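Have a look at the structure below, then the notes.
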Amino acid sequence: MGLIASIIIDSVAYGMVLFVISIGLSITLGLMGFVNLAHGVFAMAGGYGAAWLMRTYGWSYELAALAAVALVALLAWPLQRLLYSRLQDRSDLDQVLFTIGLVFVGIAGMGVMFGNAITPLPLPEYLQGSVDLSFRVIPTQRIAAVVVGVLVLVALMWLLERTRFGIETRAAVEDADAARALGIRTARVYVMGFSLGAGLAALGGVIGAELLPLEPYYPLKYLVVLLAVVAVGGVGSPLGLFASALLLGTVETAAKYLVPSMSSIFFFATMLAVLAWRPAGLFGRAH
Amino acid sequence: MASSTRVLPLLALAAALVGSPVQAQQVVKVGIVGPFSGPFASSFGTPFRQGIEAYVAQNGEKAGSTRVEFVYRDLEGPNPERAKALAQELIVKEKVQYLGGFVFTPNALAVAPLIQSAKVPTVIFNASTSMILSKSDYFVRTSNTLPQVTVPVAKYALDMKVKRVVTAVSDYGPGVDAENAFRQTFQEGGGEIVESIRMPLNTTDFGPFLQKIRASKPDALFVFLPFGPPTFGFVKAFNDNGLKTAGIRFLGTSETQESDLQALGEAALKLETGYYYSAAHDSPQNKAFVETLAKVKATPNPATVAAFDGTHVLYKMIEATGGTANGAKAIEAVKGMAWESPRGPMKIDAQTRDVVQNVYMRVVEKLPDGRYVNRETKTYAAQPDYGLQLKK
C-alpha cells in the first residue's frame, strides 16, 4: 500500500516536471510548425537568467524567475523576426540543421558567460526541504512544480481554445495563405506564438532546475527526453502532453521502484509502444 | 677587436650546430592530452592546465638544465581512435619526449602500444582503471585507482561499526567496479549489503531510488556517481527525501570534489567521502599549492593536484635523463620515488609504477566565511591499488 502510494506521488511529481519543461517545445513544434531543437537553449537561458538576477542583484526567487521568463520571451521576439522567420517556410531538415547550430552556439555562449560547471539556482526558504506525509516525505519544490504545471495547463487551454489569439494561431498554422486572405496578420501571430513558446521554455528551465541542473550542455543532454515526451503526447496539444508526461513519468518511476536498472529502458519502450499504436501521439492529429 | 665580436657568435652557432645531434636537447617537449573544451573541461581539462602551470610557477621552466615546453592537445571525451592519432602526431611531428594527461581509460589504453614501441614515458593524470599500467612499461600514474579509494571507504564503514549498507551506483563501468570493490571488502569484514541498486546513467529524478533505500532502513548508503548533474541531482534528492534527517550516512568517493562542492552547497553538509585530495589538507605544501592557484583564481581540484604531481614526475624524468630521449632510463628514475605532495605523502610503486598514497576520509563542513570544505577526519595511510587483489 505504502509502495503504491509512493509510486503515485513520485510519478505525478516527476510527470509534472516533465510537462513543464516540454510544454514550450510542444507549442513551437505543434502550433508554429517549427522544429525548434534549440528549445533547451531557451529553457537554460531562463534558468541562468534567474540565477544571475538573484546572484547579481539579490532579487527574490519569484521576482527573478518572472523577470527571466519575461526577458527570454522578449528576446525571442527579435530572434524570431531576424532568424526563425526566414526558416518558417523551409523544410524540416533546414530547421533542424539551423536549430542544432543554435544549440552549439548556446552551449559555447553559456560556457563563456557562466563557466562549464553547474550553476546553482537557490530555492527560497519555503520551497526548500520536504513535507512530511507520515509514511514518507516529499520535496516541497515538487509540490510547487505540480501547482505550476496545472496552472500552465489551464491557462494554455484557455488561451488556445477560447481567445482570438488562439484561433488565429491555429488558422495560421493550418493554412497560412487562407489565413492571410482572411485578414490574419500571420507574421505577427508567428512571432507571438514563438515568444510564448520561448517564455514557457524559460519557465520550464527555472522550475525544472532541481532535476535538470543548469550547465552549458543542458540543451543537448535533455533533448531526447523532451522530444520523447512531446512525441508521445502529440505535438501542439497541451492536454496530450499532460497525459504523455504523466504516463512516461509513471512508467519510469514505477520501474525505479521495482526494477531500478531497467527504468530508462521502460521509458523509451513505452514511447515505442505508443508511437507504434498512434504514430501522431496520444492526442495528435494525423496531418 | 671589432672582428672578434662578430666571430664569436658565429663560433658559438657552429658549435651548437655540430653539437646538437649528440648533445642533450636544451628544450624538451611534453605532450598533454585532455578535454580542454567540452563538458569535461571544467572538471579535468582546465584543472590539468592549472596544475601544470602551478608547478611551473613554483619550480621554474627548467628541469635541471633543460627547459620544458608543454604542448596541449584537446580530446573532448572517450575516443580511442582520436587519442591514438593525437599521440602519434605529438610523438612524430612535435617530437615530444613525454606524454601526460588522459582522463578516460579507453583513451589511455589506445596509446599503450604506441608509447611501448616509441619508448615514450606517459604520466596518467586521471584514468583510474587498475589494469592500464600493465599494458605498457612506460605508463606511470599520479591520480588513483578506483579500488584504491573504494576499499578504504568500506574499511571505514566497518571501523565505524556500520552494519547494514545499501549500495547505489550509476550503471556504467566505473560504477559497477566501485560497487564490486565496496561489497567484497565490506562483506569480508562481516558487514551486510542489504541491497545493490544500479541507476541508469541518464537518470534525472533520483527520488524513487532514495525512497526505496529509505524504506529498507540501512545504516549507510554507499554511492558512486559521475560528477556534474548526476551527483548534483542525487545529493539534492538525498536531502529532500529525508535520508539525512533519518540518520542514514552518505559514503562516497569523488562526489564532493572541489569543483562541484560550492554548487552543491548546503545539501553537501555532512556527506562523508574517501579520496586522495582535499583542498583543506593541512600542510605547508598544500598551503603553497592553494596560494599559487589562488593567484589565477583557480579551484584546487583532485585533477589539479594529479596534474601538479604528474608534472613533478615529468620533471624528475627529464632531470634524470638530462634532456636526452631515453624512455627506459627515465622510467627507472621515478620507480619507487617518494615525495611530499600537496595531497600528503605519496610514492610511485617500484613494481607496478602505480601511485601509493594516503586515502583520507573527509566530511563536508561549512567554514565561517560561507565556503564548503572537505575536512579530513581519518587517514588510511599508504594505500596501494587494490584492483589486482579483488575478485572480478
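The values are calculated or read from the model by the stated rules, or taken from the named source; none is laboratory data. If you're wondering where the values come from, they're calculated on a predicted model, not measured in any experiment. Cβ atoms come from the backbone with ideal geometry, glycine included; neighbour counts cover every protein chain shown. These area figures cover heavy atoms from the full protein model, side chains too; ligands, DNA and RNA do not enter into them. Shrake-Rupley method; radii C 1.70, N 1.55, O 1.52, S 1.80 Å.
If you go through segment B:318-342 and pick out every residue that is open to solvent by less than 10 Å² (accessible area, probe 1.4 Å) and outside any helix (DSSP H, G or I), you end up with 3.
Output the residues belonging to segment B:78-97 that are touching a Lys or Arg at 6+ places or on another chain (Cβ under 7 Å) and of a type in the set (S, T, N, Q).
Let us first name the residues in segment B:78-97 that are touching a Lys or Arg at 6+ places or on another chain (Cβ under 7 Å), namely B:86, B:90, B:94-97.
The one that is touching a Lys or Arg at 6+ places or on another chain (Cβ under 7 Å) and of a type in the set (S, T, N, Q): B:Gln97.
Conditions (1) part of a strand (DSSP E or B); (2) modelled with pLDDT of 95 or more; (3) hydrophobic (A, V, I, L, M, F, W, C), marked per residue:
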{"position": "B:Pro78", "(1), (2), (3)": "no, no, no"}
{"position": "B:Ala85", "(1), (2), (3)": "no, yes, yes"}
{"position": "B:Glu89", "(1), (2), (3)": "no, yes, no"}
{"position": "B:Glu94", "(1), (2), (3)": "no, no, no"}
{"position": "B:Leu99", "(1), (2), (3)": "yes, yes, yes"}
{"position": "B:Pro106", "(1), (2), (3)": "no, no, no"}
{"position": "B:Pro113", "(1), (2), (3)": "no, yes, no"}
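Considering segment A:180-198 alone, what residues qualify as being part of a helix (DSSP H, G or I) and either open to solvent by 10 Å² or more (accessible area, probe 1.4 Å) or among the β-branched types (Val, Ile, Thr) (or both)?
Step one: filter segment A:180-198 for residues part of a helix (DSSP H, G or I), giving A:180-181, A:186-198.
Once the filter is applied, which keeps residues that are part of a helix (DSSP H, G or I) and either open to solvent by 10 Å² or more (accessible area, probe 1.4 Å) or among the β-branched types (Val, Ile, Thr) (or both), segment A:180-198 yields A:Arg180, A:Ala181, A:Thr186, A:Ala187, A:Arg188, A:Val189, A:Tyr190, A:Val191, A:Met192, A:Ser195, A:Leu196.
Do we find that A:Ile143 is closer than 30 Å to A:Leu211 by Cβ and more than 19 Å from the chain's Cα centre (by Cα) in this structure? The answer is no for A:Ile143. The listed residues are A:Leu212, A:Leu203, and the only one of them that is crowded, with 24+ Cβ neighbours inside 10 Å, under 27 Å from B:Thr231 (Cα atoms) and away from chain B (no Cβ under 14 Å) turns out to be A:Leu203.
Screening A:Leu66 against (1) modelled with pLDDT under 95; (2) assigned to a helix (DSSP H, G or I); (3) more than 14 Å from chain B (Cβ to nearest Cβ); (4) surrounded by fewer than 22 Cβ atoms within 10 Å (Cβ to Cβ) leaves a single unmet condition, (1).
Taken over segment B:204-216, the criterion of being more than 8 Å from every other protein chain (Cβ to nearest Cβ) and crowded, with 20+ Cβ neighbours inside 10 Å is satisfied by B:Phe206, B:Leu210, B:Ile213.
The set of residues in segment A:106-133 that are in a helix (DSSP H, G or I), open to solvent by 30 Å² or more (accessible area, probe 1.4 Å), in contact with a helix residue (DSSP H, G or I) (Cβ under 8 Å, 6 or more places away or on another chain) and among the hydrophobic types (A, V, I, L, M, F, W, C) comprises A:Met113, A:Phe114.
Selection of first residues in segment A:158-169 that are in contact (Cβ under 8 Å) with a residue 12 or more places away in the chain and of second residues that are charged (D, E, K, R) and open to solvent by less than 100 Å² (accessible area, probe 1.4 Å), restricted to Cβ pairs under 8 Å at least 6 apart or on distinct chains, gives the following pairs, ordered by first then second residue: A:Leu160/A:Arg170.
In segment B:343-373, which residues are among the charged types (D, E, K, R), open to solvent by less than 20 Å² (accessible area, probe 1.4 Å) and either closer than 18 Å to B:Gly100 by Cα or under 14 Å from the mean Cα position of the chain (by Cα) (or both)? Break it down stepwise before answering.
The initial filter retains those residues of segment B:343-373 that are among the charged types (D, E, K, R), namely B:343, B:347, B:349, B:353-354, B:362, B:365-366, B:369, B:371.
Restricting the remaining residues to those that are open to solvent by less than 20 Å² (accessible area, probe 1.4 Å) gives B:343, B:354, B:362.
Those that are among the charged types (D, E, K, R), open to solvent by less than 20 Å² (accessible area, probe 1.4 Å) and either closer than 18 Å to B:Gly100 by Cα or under 14 Å from the mean Cα position of the chain (by Cα) (or both): B:Arg343, B:Asp354.
Going through segment A:215-264 one residue at a time, which ones are at the interface with chain B (Cβ under 8 Å from one of its Cβ atoms), open to solvent by less than 10 Å² (accessible area, probe 1.4 Å) and polar (S, T, N, Q)? Listed by number, the residues that qualify are A:Thr253, A:Ser263. Restricting to segment A:84-101, and then to whatever is hydrophobic (A, V, I, L, M, F, W, C) and touching a Leu at 6+ places or on another chain (Cβ under 8 Å), can you tell me which residue is surrounded by the most Cβ atoms within 10 Å (Cβ to Cβ)? By that ranking, first place goes to A:Phe98. Small (Gly, Ala, Ser) and not in a helix (DSSP H, G or I) - does that describe any residue in segment B:47-58? So far as segment B:47-58 goes, no, none of its residues is small (Gly, Ala, Ser) and not in a helix (DSSP H, G or I).
Please report, ordered by residue number, the helices (runs of 4 or more DSSP H) entirely within segment B:217-317 with at least 3 residues that are within 14 Å of chain A (Cβ to nearest Cβ) and open to solvent by 10 Å² or more (accessible area, probe 1.4 Å). Working first, answer last.
Details: elements: B:229-240, B:258-264, B:284-295.
Hits in segment B:217-317: B:229-240, B:258-264.
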